[in-house]
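The values are calculated or read from the model by the stated rules, or taken from the named source; none is laboratory data. Just so we're clear, the structure is a prediction, and the values are computed from it rather than from any experiment. In this analysis, Cβ positions are derived from the backbone assuming ideal geometry, glycine residues included, and neighbour counts consider all displayed protein chains.
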2 protein chains.
Amino acid sequence: MNQIKKIVFLFLALLCTTASYSQVYNGKQKEINKILDNIKSFSQYYMNGEADKIAACYTKDGKIFPAGQEIIEGTNDLNKFWTLPSDVKVLKHKVTPSEITIVKKTAYDYGYYEGETLLPDGKKSTWKGKYVIVWKKVGNDWKIYLDCWNRIDEPKK
Amino acid sequence: MNQIKKIVFLFLALLCTTASYSQVYNGKQKEINKILDNIKSFSQYYMNGEADKIAACYTKDGKIFPAGQEIIEGTNDLNKFWTLPSDVKVLKHKVTPSEITIVKKTAYDYGYYEGETLLPDGKKSTWKGKYVIVWKKVGNDWKIYLDCWNRIDEPKK
């Protein structure tokens, strides 16, 4: 009986794990992989403080939709937006797409992001949110054309 | 001279008007018009307090990305989200797309929204924001699959 309980528990645990990481990719594997690579690079550039490289992840007319602000467009303004104050460091940035669907030379992508920031006072701030991105194929690469996101608040304790 | 000033002024005024209302539509006019009609209906349903009709503007697996909350998915939960408290009324809701681009049976759409709410205390609250929507063609109609938005704050006085 104990053995059966264990098996049921493991089965349920496996189900939960599968559910929370379920990801749907529609498109050629090669193209999906390129987008997944670009998503990882974006996070790495952000942790490195390389705003110019982040700006280059967008099309030349790429647009971001940050909370509270107007739509921000174009390489120069994106570079400025993603430039961190010199005394702030992004310790962690991770994007988990729920779905990436490619339709010809366009793709849409939605999912979750999470991160951790080291603030000037030495305190760490963690945050998470969700996003919708529209990608465009530019040459053999994929660039972000539209990037809209907002935070998920921590439940109040 | 005065006449020339007038002409220059009118020309500049016209330029500004054109710039602030510039809209890009890529796709068959018939399909674009259907999406534009649906955008207008959405606003009308919201002003009418018809949450069930708003929920029907989305695909059955349609998702919204409201600030501070998790991704909300599916007709029932969308109906609940768009249901206003009985003592709140949306007096105005207007969506102005900047671009609608159709790629096969998918379309992306971004732009601005603005509105006015009548609050229980009789005060009016105005608000505006920006959005990214991914539409899917369902039969002969277009439904919202992904809907991400956030506010643009009023400049501090």
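Please work out if B:Ile144 is crowded, with 22+ Cβ neighbours inside 10 Å and within 11 Å of chain A (Cβ to nearest Cβ).
Working: crowded, with 22+ Cβ neighbours inside 10 Å: yes; within 11 Å of chain A (Cβ to nearest Cβ): no.
When the stated conditions are applied, B:Ile144 does not pass them.
Checked against (1) touching a residue at least 40 places away in the same chain (Cβ under 8 Å); (2) in a helix (DSSP H, G or I); (3) among the basic types (Lys, Arg), B:Lys63 meets all criteria but (2). So, A:Glu70, is that one within 14 Å of chain B (Cβ to nearest Cβ), modelled with pLDDT of 95 or more and not in a strand (DSSP E or B) or not? Taking the combined requirement at face value, the residue satisfies it. Exactly one residue out of B:Leu91, B:Leu146 is part of a strand (DSSP E or B), in contact (Cβ under 8 Å) with a residue 24 or more places away in the chain and closer than 27 Å to A:Tyr113 by Cβ, and it is B:Leu146.
Of the residues B:Glu116, B:Glu99, only one is without any contact (Cβ under 8 Å) to a residue 60 or more places away in the chain and more than 8 Å from every other protein chain (Cβ to nearest Cβ); which? Steps first, answer last, please.
Numbers: B:Glu99 fails: without any contact (Cβ under 8 Å) to a residue 60 or more places away in the chain.
Going through B:Glu116, B:Glu99 in turn, just one is without any contact (Cβ under 8 Å) to a residue 60 or more places away in the chain and more than 8 Å from every other protein chain (Cβ to nearest Cβ): B:Glu116.
Only one entry of B:Thr126, B:Thr101, B:Thr117 meets the criterion of being modelled with pLDDT of 95 or more, closer than 17 Å to B:Tyr25 by Cα and in a strand (DSSP E or B), and that entry is B:Thr101.
Which residues, counting only those in segment B:129-141, are farther than 11 Å from B:Val95 by Cβ, more than 8 Å from every other protein chain (Cβ to nearest Cβ) and either modelled with pLDDT under 95 or assigned to a strand (DSSP E or B) (or both)?
Keep residues of segment B:129-141 that are farther than 11 Å from B:Val95 by Cβ, which gives B:132, B:134-141.
From the residues that got through so far, the ones that are more than 8 Å from every other protein chain (Cβ to nearest Cβ) too are B:135-141.
Matches in segment B:129-141: B:Trp135, B:Lys136, B:Lys137, B:Val138, B:Asp141.
Kindly check whether there is at least one residue in segment B:64-77 that is touching a Pro at 6+ places or on another chain (Cβ under 8 Å) and either within 29 Å of A:Ile152 (Cβ to Cβ) or exposed (fewer than 12 other Cβ atoms within 10 Å of the Cβ) (or both). Yes, the conditions are met somewhere in segment B:64-77.
Got a sec? Which of B:Lys89, B:Lys53 is touching a Leu at 6+ places or on another chain (Cβ under 9 Å), more than 14 Å from chain A (Cβ to nearest Cβ) and surrounded by 12 or more Cβ atoms within 10 Å (Cβ to Cβ)?
Working: B:Lys53 fails: touching a Leu at 6+ places or on another chain (Cβ under 9 Å).
Exactly one of B:Lys89, B:Lys53 is touching a Leu at 6+ places or on another chain (Cβ under 9 Å), more than 14 Å from chain A (Cβ to nearest Cβ) and surrounded by 12 or more Cβ atoms within 10 Å (Cβ to Cβ), namely B:Lys89.
Of all residues in segment A:24-43, one or more are touching a residue at least 40 places away in the same chain (Cβ under 8 Å), within 14 Å of chain B (Cβ to nearest Cβ) and loosely packed, with under 12 Cβ neighbours inside 10 Å. Residues in segment B:105-155 that are in contact with a Ser or Thr (Cβ under 8 Å, 6 or more places away or on another chain), within 16 Å of A:Ile71 (Cβ to Cβ) and among the hydroxyl-bearing types (Ser, Thr, Tyr): B:Tyr108, B:Tyr110, B:Tyr112, B:Tyr113.
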